[in-house]
1. Considering only the range 30-42, I want to know if a residue exists there that is among the small types (Gly, Ala, Ser), outside any loop (DSSP other than H, G, I, E, B) and surrounded by 10 or more Cβ atoms within 10 Å (Cβ to Cβ).
2. Among (1) exposed (fewer than 11 other Cβ atoms within 10 Å of the Cβ); (2) assigned to a loop (DSSP other than H, G, I, E, B), which single condition is Ser63 missing?
3. I'd like the residue in the range 4-22 that is modelled with pLDDT under 90 and surrounded by 12 or more Cβ atoms within 10 Å (Cβ to Cβ) and, out of all such residues, is nearest to the chain's Cα centre (by Cα).
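The values are calculated or read from the model by the stated rules, or taken from the named source; none is laboratory data. Fair warning: this is a prediction, and the values are worked out from it, not measured in the lab. Heads up, the Cβs are rebuilt from the backbone with ideal geometry, glycines too, and the neighbour counts pull from every protein chain shown.
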Amino acid sequence: MPDPWVAQLDELELRVIALLEGRLGDIAPWAPPTGLPPLPADLAPRASALLDAQREALGHLESERIRVLAEMSSARRHTAGVREERAVYFDATA
């Protein structure tokens, strides 16, 4: 029987890859597993590398969030200054 930790780490690594590649639609909601035994010592380096990759992905998400907020703020400023005025002239020949 495969080690449940190997399967769990595989899944989490695929999620991080999908996130970093921008494939957010490929990422289903995640729930922490229950009933896992303690992490085997030989998988600790892999789990640590995964944690580093998750932190990197979180940094990318945070940077993107800040960029989008700035873009939305800029768009709001531009649309706030636009006045909707009625047409002054009517072209009856058109």
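1. no
2. Status for Ser63: all satisfied but (2).
3. Checked the range 4-22; the qualifying residue nearest to the chain's Cα centre (by Cα) is Leu19.
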